[in-house]
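Structure first, commentary second.
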């Protein structure tokens with residue numbers, strides 16, 4: 001396999017493609033240089049770690065295989081990386097030969113956010129086919145079990161640029177017709193960009209219903225989330241889906257995770273919600289950003305979402321270069337290694353509570369923090385009501401109720 005040594009990085013905003021710069025590898029390190037015309041735009045695609053500069057730049061860390069965090073955010077991670085690796089192995093390609101630039105070339109124009117990479121590897125998939133979720137579910141189980149899959153190339157196209165441990169696919173969904181197709185970049189009229197998740201063998205059978213309940217609680221608690229729904233598969237099977245927030249109609253928004261933005265290794269993170277508050281304020285330039293992060297922290301604390309790592313929190317930039325905290329995502333009941341939250345609250349990771357949230361709020365001068373915290377706690381306390389409305393099993397309902405400290 002011929003290694004990619006140079007990639008052109010561009011950004012698609014408001015239907016216009018602008019060259020951002022070049023990524024170049026010498027086989028040992030990866031370098032980046034902004035295009036002079038892009039510097040003139042004043043757009044900061046990664047203001048903390050990759051500010052505009054005419055110099056040849058290298059990252060200050062190797063945690064992203066030698067890439068700047070903003071480009072690592074385009075890389076397939078978790079499920080997406082597993083799919084791509086299996087596809088490459090099936091073609092007789094050694095993974096030792098694959099470089100970060102090779103992986104970005106596979107992403108091409110199909111990554112999350114607005115960055116695109118050339119030259120890109122092509123695809124021969126028929127994007128007009130109707131998707132059968134139950135078939136895809138069975139194929140994802142084969143992949144996770146280590147078996148071969150008959151539709152691995154299709155799965156790569158469906159989810160090869162996605163992140164996270166749970167299998168997921170990027171699709172086109174027509175809400176009026178209730179119809180799913182492959183998620184190519186330019187969808188037919190009436191179709192929207194969605195993500196649909198599939199369970200792993202370790203998940204409860206009603207994991208989709210549980211995540212849907214968390215979506216409903218988050219909305220009622222005042223968090224911003226994109227539209228979510230349950231998709232039906234075989235009788236009794238449901239899959240959680242959410243409308244993508246990095247796509248607005250035919251337009252793209254630039255997406256940057258907190259992990260990539262601050263060069264935080266989300267697997268070995270020392271991130272605190274205070275760091276997120278500081279970053280949100282610097283990007284949004286408004287004290288309202290503090291309250292947004294506090295509300296998210298409170299929800300994750302009271303709803304026991306311990307998988308609240310820096311890859312699961314993101315920011316969006318529009319065509320004018322204006323930043324905002326992205327809608328919340330991947331909110332569900334979850335455990336983590338050793339029973340700690342991935343992101344600490346005022347330094348507390350094992351058992352953060354209202355006092356830690358208030359301490360965090362006081363440091364940053366958040367207005368009316370008790371109202372925010374109280375509202376979130378009140379909504380989550382009604383878990384059982386939400387769960388019974390959404391078809392969560394009695395077993396899951398009771399076990400989560402107990403874990404949330406709500407059982408009487």
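Need the failing condition index for residue 354 against (1) over 30 Å from residue 253 (Cβ atoms); (2) at pLDDT below 95, just the number.
(2)
Against the definition (modelled with pLDDT of 80 or more, outside the structural domain of residue 32 (by TED's automatic domain parsing) and within 17 Å of the chain's Cα centre (by Cα)), how does residue 175 come out, yes or no? Don't jump to the end; show me each part of the working.
Working: modelled with pLDDT of 80 or more: yes; outside the structural domain of residue 32 (by TED's automatic domain parsing): yes; within 17 Å of the chain's Cα centre (by Cα): no.
No, not satisfied.
When you go through (1) part of a helix (DSSP H, G or I); (2) under 24 Å from the mean Cα position of the chain (by Cα); (3) within 30 Å of residue 45 (Cα to Cα) one by one for residue 361, which number turns out not to apply?
Just one mismatch for residue 361, condition (2).
I'd like to verify a number: residues in the stretch 43-61 that are part of a loop (DSSP other than H, G, I, E, B), without any contact (Cβ under 8 Å) to a residue 60 or more places away in the chain and either over 20 Å from residue 282 (Cβ atoms) or within 21 Å of the chain's Cα centre (by Cα) (or both), how many? Don't jump to the end; show me each part of the working.
Step one: of the stretch 43-61, the residues part of a loop (DSSP other than H, G, I, E, B) are 43-56, 58-61.
Now narrow it down to the ones that are without any contact (Cβ under 8 Å) to a residue 60 or more places away in the chain: 50-56, 58.
Cutting the leftovers down to either over 20 Å from residue 282 (Cβ atoms) or within 21 Å of the chain's Cα centre (by Cα) (or both) gives us 50, 54-56, 58.
So the answer is 5.
Please determine, by comparing only the residues of the stretch 274-291 that are under 20 Å from the mean Cα position of the chain (by Cα) and under 18 Å from residue 356 (Cβ atoms), which one is surrounded by the fewest Cβ atoms within 10 Å (Cβ to Cβ).
This residue is 275.
Looking at (1) within 21 Å of the chain's Cα centre (by Cα); (2) crowded, with 20+ Cβ neighbours inside 10 Å; (3) at pLDDT 90 or above, which is the only condition residue 192 fails?
Failing condition for residue 192: (2).
Select from the stretch 20-32 the residues that are at pLDDT 95 or above and either out of contact with any strand residue (DSSP E or B) (no Cβ under 8 Å at 6 or more places or on another chain) or closer than 16 Å to residue 44 by Cβ (or both) and list them in ascending order.
Residues satisfying the conditions are 20, 21, 32.
Tell me which of these residue 75 doesn't satisfy, since it passes every other one: (1) under 22 Å from the mean Cα position of the chain (by Cα); (2) at pLDDT below 85.
Unmet for residue 75, out of (1) under 22 Å from the mean Cα position of the chain (by Cα); (2) at pLDDT below 85: (2).
Among residues belonging to the stretch 383-408 that are in contact (Cβ under 8 Å) with a residue 24 or more places away in the chain and in a loop (DSSP other than H, G, I, E, B), point out the one that is nearest to residue 224 (Cα to Cα).
Checked the stretch 383-408; the qualifying residue nearest to residue 224 (Cα to Cα) is 390.
Among 370, 377, which is in contact with a helix residue (DSSP H, G or I) (Cβ under 9 Å, 6 or more places away or on another chain), surrounded by 14 or more Cβ atoms within 10 Å (Cβ to Cβ) and not in a loop (DSSP other than H, G, I, E, B)? Give the steps one after another, and end with the answer.
Values: 370 fails: surrounded by 14 or more Cβ atoms within 10 Å (Cβ to Cβ).
After ruling out the rest, the residue left standing is 377.
Restricting to the stretch 331-364, name every residue that is touching a strand residue (DSSP E or B) at 6+ places or on another chain (Cβ under 8 Å), surrounded by 15 or more Cβ atoms within 10 Å (Cβ to Cβ) and more than 22 Å from residue 378 (Cβ to Cβ).
If the condition is that a residue be touching a strand residue (DSSP E or B) at 6+ places or on another chain (Cβ under 8 Å), surrounded by 15 or more Cβ atoms within 10 Å (Cβ to Cβ) and more than 22 Å from residue 378 (Cβ to Cβ), then 343, 344 are the ones that fit.
The values are calculated or read from the model by the stated rules, or taken from the named source; none is laboratory data. This one's a predicted model, so the numbers in the text were calculated from it and none came from an experiment. We place every Cβ from the backbone using ideal geometry, glycine too, and count neighbours over all the protein chains shown.
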